[in-house]
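Reading through the structure tokens given below for one structure.
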Amino acid sequence: MAEVRSLTVPSKINLILKITGKRPDHYHQLQTLFLPLAVPADRVELHWSGPGIRVCSSRPGLPEDLDNLGGRAAQLYAAAAGVAPEWMFRIEKNIPVAAGLGGGSADAAAVLRLLNEHYRILPAAALTALALQLGADVPFFLTPRPAWAGGIGEELTWLPAELPAVPLLLINPCFPVSSAWAYRHFEPERIGKLPGFHADLLLEAWRAADWEAFGKLLHNDLGLALYEKFPLLEMLRRRLFQLGACGVQISGSGPTMFAVCRDAGSREVLVEALQQEFSDLRCFTAEPYRHF
Ligand code: ATP
């Protein structure tokens, strides 16, 4: 039987996202705290097929072949590793698209990992360099563990593995937001002027599972523009606090929001209330990803 390899890749949220600068090549420099989540997650399968690179997915309308970020990852890998591609990738797409959850980046990293686990040609540093060409989040997804990222996303510092699971709820309003739009609407003159974040306090609260304190320390510099443009997000934020959330924030370039709850019970109450009050929302009981 023909060999098939597969990998399940997590989504991510940004517990903190702070823009620290803008480079002459227009990339934003960041300080961000990534948290990988086991739900929602994509599954990527690699099949050996005829010559070339094919990519298809379970989600109608998602770009295919070389227009898919996974296809571009395969193309870069083939060139860097000097192998002739004969691959077909099937993506089981569960991560909402253009949602601030890193779905495309996750699939691209999965493709790089699947190929390199098979061919074993590129050293880790070369794989990371390829990942960064595909997107600032992609290096994180090569080793998806809770991590601080600096630079444009490539300077990774992993957090201790034994941190408690955060009682999280993801709320995805079913409309897309382009990352380019969100970054374009961050005014460069705000760099350094918005309130700072407290990395040490956040870690202390996390270690102590003090979700009240933890919830107050979430931060996203892109939030201002997103709340302004999409009033539904502000409405949701207020409602989530009224329903007992300890903290609410937008992930990445949005529009997915996440709420830190007091415990699993109060998370259930939140889900039920949201589902009754809003029709176009998808809620995910987000579990930490611990399979790395
Ligand atoms: P990020 O959080 O990494 O900034 P995002 O989660 O907001 O990104 P994605 O889901 O990665 O956004 O999608 C961004 C765009 O990339 C979409 O418009 C989509 O058409 C395109 N795309 C290409 N390949 C993929 C893929 N495998 N999965 C999702 N989107 C893809």
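A few notes on this one:
- Meets criteria (farther than 28 Å from ARG145 by Cβ, out of contact with any Asp or Glu (no Cβ under 6 Å at 6 or more places or on another chain) and not small (Gly, Ala, Ser)) for GLU277: yes
- Residue in segment 114-128 that is among the aromatic types (Phe, Trp, Tyr) and in contact with a strand residue (DSSP E or B) (Cβ under 6 Å, 6 or more places away or on another chain) present: no
- Boolean, ARG262 is closer than 30 Å to PRO160 by Cβ, crowded, with 18+ Cβ neighbours inside 10 Å, assigned by TED's automatic domain parsing to the domain that holds SER179 and among the basic types (Lys, Arg): no
- Segment 226-253: number of residues that are crowded, with 20+ Cβ neighbours inside 10 Å and on the phi < 0 side of the Ramachandran plot: 12
- Top-ranked residue in segment 74-127 [being in a helix (DSSP H, G or I) and polar (S, T, N, Q); ranked as surrounded by the most Cβ atoms within 10 Å (Cβ to Cβ)]: SER105
- Criterion (in the same structural domain as TYR119 (by TED's automatic domain parsing), free of Cβ contacts under 8 Å to residues at least 24 places away in the same chain and in contact with a helix residue (DSSP H, G or I) (Cβ under 7 Å, 6 or more places away or on another chain)) met by exactly one of ASP25, ASP65, ASP42: ASP65
- Strands (runs of 3 or more DSSP E) wholly inside segment 1-63 containing at least 1 residues that are acidic (Asp, Glu), more than 30 Å from HIS185 (Cβ to Cβ) and over 17 Å from the mean Cα position of the chain (by Cα): 28-48
- Strands (runs of 3 or more DSSP E) within segment 135-212 that include 2 or more residues within 16 Å of the ligand (Cβ to nearest atom) and in contact with a Ser or Thr (Cβ under 7 Å, 6 or more places away or on another chain): 147-150, 168-173
- For segment 242-256, a residue qualifies if it is among the hydrophobic types (A, V, I, L, M, F, W, C) and in contact with a Gly (Cβ under 9 Å, 6 or more places away or on another chain), and the qualifying residues are ALA245, CYS246, VAL248, ILE250.
The values are calculated or read from the model by the stated rules, or taken from the named source; none is laboratory data. Quick caveat: nothing in here was measured; it's all calculated off a predicted structure. Neighbour counts run over all protein chains shown; Cβ positions are idealised from the backbone, glycine included.
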